[in-house]
Amino acid sequence: FCMKAAPAAAADANRFALGVEAAPDAGLDVPRLPFGGEKYGEDMDHYALLCLNHHNGGKGWKHHAGWSASVHAKRAPGSHVGWFGVATVSTINQRVTAVVLPRNNMVGPLVEEVKWMNDLKALCFPHNQLSGHIPEGWSSLRSLTNLDLSNNKISGPMNESFFSGMKKSRDLRDKSLGLRSLNLGRNQMWGPLPESLSTLVALSTLNLAHNHFSQALPEALFECKQLKTLRLSANKLSGALPAAFTKLRQLKILELDENELSGEIGPLPRNLIKVHLQGNRLARDLPDSLFKLDGLADLDVSHNYLSGAVSDEIAGLKALRLFHIEGNRHSGAEKALITECIKNYLPDLVRNQGFRI
């Protein structure tokens, strides 16, 4: 049964409960959808996709094969197989598992109705013009493993209840599920990093770079013990580097450059291959513990307040291909000693122009 929609409808759970919902665009036929229930999952997915198309400027999308209202106005819900950027379990089981629309001229606020796609594993809209806050209702996306909203205009703080809500939803199904990749880089988000990050126990990649996040790194971050990549560059993070970094034993890439971090560089995880700490307020000399990272290939500590010579222990960094230490507070004599040390122990670094002081 289909009904003709009112032109400007808003999603409302109470109206869903009554089995009626207006279409998200004039002229589209949208079915009556009972609230919840796996039986109606494909219809809920279809409705969410129609809302996405309407509220995020679908008519102006660069790629929109299958999304056109004129083509699909008379087709039944569940007919979204083959739409550009939409993946389903199969042509028979049409539950949506991924919506991936990079560089697609998407505009407008993030759509609350996405929450109905509760089998969704990947939601990726990078390099668009999306705005507003991340809807709290998205915390019900219990199967989501990859969320990429990078390079948009998303604003506001990270909602403390968002990640804890995802954990509660996930526990209803399978405790092994959860976000593995979260990319919100290059947006306009601000405020402290939430303590609820500790619930993301499966997280492998976290990219929050180029936002306006502030305050100290929370202890909760170091409960994400599966992290391999941590990118927090170009924010306003302050305080010292916590000793708890050593808990992140899987970490390979650490980017904390262009923040307001201060104090000494303490012990870091042993598996790191890239460490970028440039453009902070880190002081004193480089610790010997840094030179025990035998897989380290890229080390940038330039433009801080560092001083002192470099230990002979740097000879252990056989994998090092880039070492930038310029723009610190080393005296002329200290610079000469560091340069001599590098020439003696890591001559390839000098020969390949990977060393700057």
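The values are calculated or read from the model by the stated rules, or taken from the named source; none is laboratory data. Fair warning: this is a prediction, and the values are worked out from it, not measured in the lab. Positions of Cβ are backbone-derived with ideal geometry, glycine not excepted, and every protein chain shown enters the neighbour counts. The area values use the complete protein model at the heavy-atom level, side chains included, leaving out ligands, DNA and RNA. Shrake-Rupley method; radii C 1.70, N 1.55, O 1.52, S 1.80 Å.
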FRET efficiency, 1/(1 + (r/R0)^6) with R0 56 Å, evaluated for Leu337 and Val100 via beta carbons: 0.60
Under-5 Å amide H pairs with Phe355, H placed in peptide plane, nonlocal only: Phe323
Cβ-defined net charge surrounding Ser311, 14 Å radius [Lys, Arg +1; Asp, Glu -1]: -4
Segment Ser238-Ser90, length gained on full extension (0.36 nm per residue, minus Cα span): 48.5 nm
Ratio of Rg to Rh over the range 224-289 (Cα coordinates, Kirkwood Rh, two decimals): 0.93
Solvent exposure of the range 47-147 as accessible area per residue, Å², 1.4 Å probe: 40
Estimated vicinal HN-Hα couplings, Hz - the range 280-295 in sequence order (Karplus 6.51, -1.76, 1.60; Gly, Pro = x): 10, 10, 6, 10, 6, 9, 6, x, 4, 4, 5, 8, 9, 8, 5, x
Accessible-area composition of the range 194-314, carbon plus sulfur, in percent [1.4 Å probe]: 45
Other-chain or far-sequence residues with amide H under 5 Å of Leu306's (modelled H): Arg329
For the range 189-330, accessible area per residue (1.4 Å probe, heavy atoms of protein chains only), Å²: 39
Accessible surface of Asp298 - all protein chains present, 1.4 Å probe, nearest 10 Å²: 30
Inter-part distance where the range 171-249 and the range 305-357 are each reduced to a Cα centre, Å: 31
Whole-Hz couplings from phi, Karplus 6.51/-1.76/1.60, listed for the range 147-163; x for Gly and Pro: 10, 10, 10, 5, 6, 10, 10, 6, 10, x, x, 7, 5, 4, 7, 5, 6
Other-chain or far-sequence residues with amide H under 5 Å of Gln215's (modelled H): Ser238
